[in-house]
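Only one structure is covered here, and it is reproduced in the block below.
The values are calculated or read from the model by the stated rules, or taken from the named source; none is laboratory data. Just so it is clear, the structure is predicted and the values come from calculations on it, not from any experiment. Cβ coordinates were reconstructed from backbone atoms using ideal geometry, including for glycine residues, and neighbour counts include every protein chain displayed. Note: areas computed on protein heavy atoms with side chains; ligands, DNA, RNA excluded. Shrake-Rupley method; radii C 1.70, N 1.55, O 1.52, S 1.80 Å.
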Amino acid sequence: MTSVALRGRLAHPALGVFGLALLVTVVEALPRLGLVDSRFLPPATDMIRELGDQLLLPEFWVAAGQTVSGWAVGLAIAMAAGIVVGVVIGGVPFLRAVTASTIEFLRPIPSVALIPLVVLIHGSRPESALVLVVYAAFWQVLVQVLYGVADVDPVVRDTARSYRFSRWTTVRTVVWPTAMPYVVTGFRLAASVALILEITAELIIGVPGLGRSIGVAQSSGAVTQTYALVVVVGLLGVAVNASARFVERRALRWHTSVRRDL
Amino acid sequence: MTRRALVGLGLPVVLIALWWFLSAGSTSFFWPPLSAIVAAFPRTWTADPILHDVLPSIARLTAGYLIALAVGVAAGTAIGSYRTLRALCEPVLEFLRAIPPPVLIPVIALFAGYTGATTKIVTIALGCLWPILLNTVEGVRSLDEVLRDTARSYRLGRLTTLRQVVLRGSSPRIAAGARQALSIGVILMVISELFGADRGLGAAVVQFQRGFAIPQMWTGIILLGLLGVALSGLFRLVEHRTLAWYRGLRQAEREV
């Protein structure tokens, strides 16, 4: 999201709150007026009460902790691997040419196609989720890093070479600053993809975490709890997006896309 | 051309050859020899599973995706065009977008059970909707004010302005959203079939896995991969044709 969009949002915070209130009212009114069966969609106040009850349960916090730590570990591995592989491949034209088609082939393989395989090998242990999260997030980072490294100004690169910068110094002072905005974009994309895969693995494979709690609540007919947990997962997603955007602004404070004083 | 083809195909050929030879003597249960997987392919994907698993999966994906595209572009154009509406919707959209799409499946399952094709199409459509919708909003917002004013002073009709200025101007962003939505759609196509125990490409792969038919499971995974590649290739083809004017514009800007 650009800074323009941000300003647009901050211009009418009251309207935004009104919009949220409108949504809550509609969700409250539909079952109360009998337009929707409350067995399918419980009133909003019931969901909020259930949410409050959940927050008091230790099991809820254990599940939330499992989800968040699975997400964070997977994201960290994918970031590290994506950056290293991206800088190495992107820095060598021959490697870039040779790997392009393979990356294009492997990237669109939906990571969920690997679910049967990881179930077979790891069962419903956290490793299953980790494999899926790392696989899916890795490509997001890698592709962005490759774009970033390709974006380095050839004149700057040649200058570094004629000053006989070492390989490491070139990466640190020439490649990295250029690639940085792309890396951060990759981070933002990977953060949300990683959360999706983490929750999916929990929901489908039964890896412990919030996703599994949702699956259990749904299959045992605890409708209000299902909705409350979905709301929690949504809020978690909002938190991930917001913090990724915060990191983006902090990390790129020096960059023209963020700086305002230019 | 031959050089480029060689460079492009080199690594895949090497990787496949490596897989073939390294797995040739494999007795590991999970990693059968590639030759066994290849041999299992035509036996597994005969006319019947293609007709009853693969094609219905693709049909559901297409239906859900097209619904998301229509609704997303329409709603996104409306939200992007009116400031007040946008301010009203933004936090709500932000929240709905942040819900991981697979979580919708249990919720939809509450309403209707999870067996029919409709629920799967709804799942796919809801998941694909957000990237398209939000990118359309951004695209419409970032339109050049001068273009809009010009359209107004030329007294272009509402429909013409919408078609020629608004939609055309935001189409690169819409395409970016549609591309993201495509991969989410494929993911949801598979997941929606993992949930309801019936037919479909995803369901078939799980059946093989549960029945420990490992080479068959591998053929399913490879088929899903090929489907992903084919869809992104098809997308690029459509994008290439519809956004030809945009590439030309960028090219010209660079040459100046």
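Points worth noting:
- When the Cα positions of B:99, A:83, A:203 are compared along the charge dipole of the protein assembly as shown, A:83 comes out farthest toward the positive end, with charges on each C-beta of Lys, Arg, Asp and Glu.
- Computed magnitude of the charge dipole of the range A:47-146 (debye, nearest 20; Cβ of K, R +1, Cβ of D, E -1): 320 debye
- At a threshold of 30 Å², the residues of the range B:103-136 that become less accessible to a 1.4 Å probe in the full protein assembly than in their chain on its own are B:103, B:106, B:107, B:110, B:111.
- Remark: chain A carries 49 Å² of accessible area per residue (probe radius 1.4 Å; ligands, DNA and RNA excluded).
- Averaging the Cα positions of each part gives two centres, and for the range B:169-199 and the range B:213-241 these lie 13 Å apart.
- Solvent-accessible area assigned to carbon and sulfur over the range B:1-105 amounts to 77 percent, based on a 1.4 Å probe.
- Placing B:145, B:193, A:104 in order of accessible area, with the largest value first and a 1.4 Å probe, yields B:145, A:104, B:193.
- Mean residue ellipticity at 222 nm, helices only, chain A: -26000 deg cm²/dmol; runs of at least 4 DSSP H residues each add -39,500 (n - 2.57), and the sum is divided by the number of residues.
- Placing B:89, B:128 in order of accessible area, with the largest value first and a 1.4 Å probe, yields B:89, B:128.
- Solvent-accessible area of residue B:18, all protein chains in place: 90 Å² (probe radius 1.4 Å, heavy atoms, ligands and nucleic acids excluded).
- What the Cβ-Cβ distance of residue B:115 and residue A:222 gives, at R0 = 22 Å and to the nearest 0.05, is a FRET efficiency of 0.55.
- For chain B, a Gaussian network of Cα nodes joined below 10 Å ranks B:45, B:20, B:218 by mean-square fluctuation, and the top entry is B:20.
- Each stretch of four or more DSSP H residues adds -39500 (n - 2.57); spread over every residue of chain B, this sum gives -26000 deg cm²/dmol at 222 nm.
- Centre-to-centre, using Cα atoms only, the range A:54-87 and the range A:209-236 are separated by 19 Å.
- Accessible surface of chain A, 1.4 Å probe, proportion on carbon and sulfur as whole %: 68 percent
- Counting only heavy atoms of the protein chains and using a 1.4 Å probe, residue A:45 has close to 60 Å² of accessible surface.
- Separation of the residue A:48 and residue A:26 label points, Cα + 7 Å toward Cβ, nm: 1.8 nm
- Inter-part distance where the range A:156-170 and the range B:24-56 are each reduced to a Cα centre, Å: 51 Å
- Buried on assembly, the range B:176-213 (at least 40 Å² less accessible surface than by itself, 1.4 Å probe): B:187, B:191, B:194, B:195, B:209
- The modelled label-to-label distance between residue B:198 and residue A:162, using points 7 Å beyond Cα along the C-beta direction, is 7.0 nm.
- Size of the A/B contact, given as accessible area buried on both chains, probe 1.4 Å, in Å²: 4800 Å²
- Placing +1 on each Lys and Arg Cβ and -1 on each Asp and Glu Cβ, with no other charges, gives the range B:29-140 a dipole about its Cα centre of roughly 60 debye.
- Sites residue B:222 and residue A:76, calculated FRET efficiency, Cβ-Cβ separation with R0 41 Å, nearest 0.05: 0.85
- A Cβ-based charge dipole, computed about the Cα centre of the range B:1-89 with Lys and Arg at +1 and Asp and Glu at -1, lands at about 440 debye.
- Rolling a 1.4 Å probe over the protein heavy atoms gives the range B:164-256 an accessible area of 49 Å² per residue.
- Accessible surface ranking for B:65, A:135, 1.4 angstrom probe, highest first: A:135, B:65.
- Fraction of accessible area attributable to carbon and sulfur, the range B:127-203 (%, probe 1.4 Å): 56 percent
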